[in-house]
Amino acid sequence: MTEEQKWQAVLKHDDRYDGLFFVGVKSTKIFCRPSCKSKRPLRKNVLFFENGKQAEQAGYRPCKRCRPDLLEYQPIKEIAEKIKFLFDTHFTQQKELAKKIGQVGLNYHRIVNIFKKYYGLTPKKYYDNLRLEEAKKKLTTTNDAIIDIAHGAGFQSLSVFYAFFRKNINSSPSKYRKEKKYGIYSND
Ligand SMILES: [Zn+2]
């Protein structure tokens, strides 16, 4: 990125560049994310840093509004892998998952873009696939009650689980279990 491109990103408060560089304001000795909503500084007062550490070493303090110190420099690939890891690890616990994703320090729109770019599907779709596979596995390999399987796959209620199942594989959990586990086919 050229300095001019960075400056344009700053003028537009473009959050797609958050984490890729930081903006220092010479007159206040404060540094920000590109997307910071504070009043734009004069171009002549601006300099750019590659990461927060560099800014702090130069004597700049993190802005209290956009908290650039919470956003470590992370290459896009690392961000994508981290998000995938969070889904893989916490997909059965919605609250924990949301919390962990919030801690990544990027807005959700940007997370979706990065994830899609690397894995070719939205995080939502990926998350749904994980839950569906988990539910299918439990239905065919255990005798667990369907309500327990629903909860185990991160669904808050049985009706949500049924609707999700219907939408994704056009069947009900009980019918799917009968067919795949016991080979019983029926029309209901
Ligand atoms: Zn700021």
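Any read-out appearing in this document is the output of simple, stated calculations on the displayed coordinates, not a laboratory observation. Quick caveat: nothing in here was measured; it's all calculated off a predicted structure. Don't worry about glycine lacking a Cβ; one is built from the backbone with ideal geometry, like all the others, and counts go over all protein chains shown.
With 0.36 nm allotted per residue and the present C-alpha distance subtracted, the Y108-I184 stretch has 23.0 nm of extension available. Axis angle, to the nearest 10 degrees, between helix 108-119 and the longest C-alpha principal axis of the chain: 70 degrees. Listed values for the stretch 94-99 are Karplus-derived 3J(HN,Hα) couplings in whole Hz (6.51 cos²θ - 1.76 cosθ + 1.60, θ = phi - 60°), namely 3, 5, 4, 4, 4, 5, and x replaces Gly and Pro.
Computed 3J(HN,Hα) for the stretch 2-8, one whole-Hz value per residue from the Karplus formula 6.51 cos²θ - 1.76 cosθ + 1.60 where θ = phi - 60°, is 7, 4, 5, 4, 4, 4, 4, glycine and proline marked x. Scanning residues 5 or more positions from I30 or on other chains, those with amide H under 5 Å from its amide H are V25, R61, with H placed 1.01 Å from N in the peptide plane.
In loop segments of the stretch 1-97 as defined by DSSP, the trypsin sites (Lys or Arg not before Pro) with at most 14 further C-beta atoms inside 10 Å of their C-beta are K12, K26, K29, K37, K39, K64, R65. For the chain, the longest stretch holding no chymotrypsin sites (Phe, Trp or Tyr not before Pro) located in a DSSP loop with at most 16 other Cβ atoms within 10 Å is which? Of all site-free stretches, the longest is 74-184. Sequentially through the stretch 37-52, phi angles give Karplus couplings (6.51, -1.76, 1.60; θ = phi - 60°) of 8, 5, 4, 5, x, 6, 3, 5, 9, 9, 9, 10, 10, 7, 8, x Hz, Gly and Pro residues having no value and appearing as x.
The gain in end-to-end length when the K124 to Q57 segment is fully stretched comes to 20.2 nm, 0.36 nm per residue minus the alpha carbon separation. Name the lysines eligible as straight-distance cross-link partners of K6: C-alpha to C-alpha under 26 Å, and not fewer than 8 places from it in the same chain. Excluding near neighbours in sequence, the set is K26, K29, K37, K39, K44, K53, K64, K77, K82, K116, K117. Between the amide H of F48 and those of G24, distances stay under 5 Å, these residues lying 5 or more places away or on another chain, with hydrogens modeled in the peptide plane.
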